[in-house]
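S.K.: Attaching a single structure in structure tokens format; questions to follow.
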């Protein structure tokens, strides 16, 4: 089954009226998904989910701001390697400076990557989703539109084998304005029938973020 990418605070996958010729399966999107992690104390890590996005010749990692603020030059990413095995790379090796650009109100951040040609060809070819696949429609996602969410709840799916988890859900509301849990600032959201748990919410996103 193939899906179109929307985005609404979690990168939604489903049918869209736009870009009808460009579709991704959930497995293809998993290849564009990464696990972010940083050791905060011996044996303890903070983790999050992100995705690879391309805007013309510029390459980015897209993730939640509450994840990005923890991911400095000591952080690492885990991506899918040969045979669905996880490959761990230093975040600092992917850019000149680990400087996240954060949206002033929405829980979303981007990091511009500067990959040398060898690294790009060896590990990152075909991973980047074109920015044109992100819907610019600012209307709420219809409640009858099925969403497929991809991520690493509680860090699962990033060891031994690389296998981010997916689940299907539907919006259970139109737009609702609530205080963000991390900053206590007001933000407009859509609530899902199955709320996120420990990181699996990532891939929702930009459509309802007022970007």
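S.K.: Could you identify the single residue in 49, 95, 33, 105 that is without any contact (Cβ under 8 Å) to a residue 24 or more places away in the chain, buried (at least 16 other Cβ atoms within 10 Å of the Cβ) and touching a strand residue (DSSP E or B) at 6+ places or on another chain (Cβ under 9 Å)?
M.R.: 95
S.K.: Does residue 107 satisfy being in contact with a helix residue (DSSP H, G or I) (Cβ under 9 Å, 6 or more places away or on another chain) and in a loop (DSSP other than H, G, I, E, B)?
M.R.: yes
S.K.: If I filter the range 170-185 down to residues being out of contact with any helix residue (DSSP H, G or I) (no Cβ under 7 Å at 6 or more places or on another chain) and modelled with pLDDT under 90, which single residue comes out as surrounded by the most Cβ atoms within 10 Å (Cβ to Cβ)?
M.R.: 180
S.K.: Now for a separate question. Taking residue 92, is it assigned to a helix (DSSP H, G or I), over 17 Å from the mean Cα position of the chain (by Cα) and at negative phi?
M.R.: yes
S.K.: So, one more: Being within 30 Å of residue 190 (Cα to Cα) and not in a helix (DSSP H, G or I) is the filter here; which residues of the range 114-132 pass it?
M.R.: 127, 128, 129, 130 - these are the residues of the range 114-132 that are within 30 Å of residue 190 (Cα to Cα) and not in a helix (DSSP H, G or I).
S.K.: Here is a list: 153, 164. Which entry is under 30 Å from residue 44 (Cβ atoms) and either modelled with pLDDT under 85 or surrounded by fewer than 22 Cβ atoms within 10 Å (Cβ to Cβ) (or both)?
M.R.: Criteria check complete, one pass: 153.
S.K.: Working only within the range 117-156, note down all residues that are under 28 Å from residue 72 (Cα atoms) and in contact with a helix residue (DSSP H, G or I) (Cβ under 9 Å, 6 or more places away or on another chain).
M.R.: 119, 124, 126, 127, 129, 150
S.K.: Please go through the range 3-38 and give me each residue that is assigned to a loop (DSSP other than H, G, I, E, B) and either under 20 Å from residue 158 (Cα atoms) or modelled with pLDDT of 95 or more (or both), ordered by number.
M.R.: Once the filter is applied, which keeps residues that are assigned to a loop (DSSP other than H, G, I, E, B) and either under 20 Å from residue 158 (Cα atoms) or modelled with pLDDT of 95 or more (or both), the range 3-38 yields 10, 11, 32.
S.K.: I've got another one for you. Based on what the data block shows, is residue 41 modelled with pLDDT of 95 or more, surrounded by fewer than 16 Cβ atoms within 10 Å (Cβ to Cβ) and on the phi < 0 side of the Ramachandran plot?
M.R.: In short, no.
The values are calculated or read from the model by the stated rules, or taken from the named source; none is laboratory data. On a predicted model such as this, the values are computed, not experimentally measured, just so you know. Because the Cβ atoms are built from the backbone with ideal geometry, glycine has one as well, and the counts that use them run over all protein chains shown.
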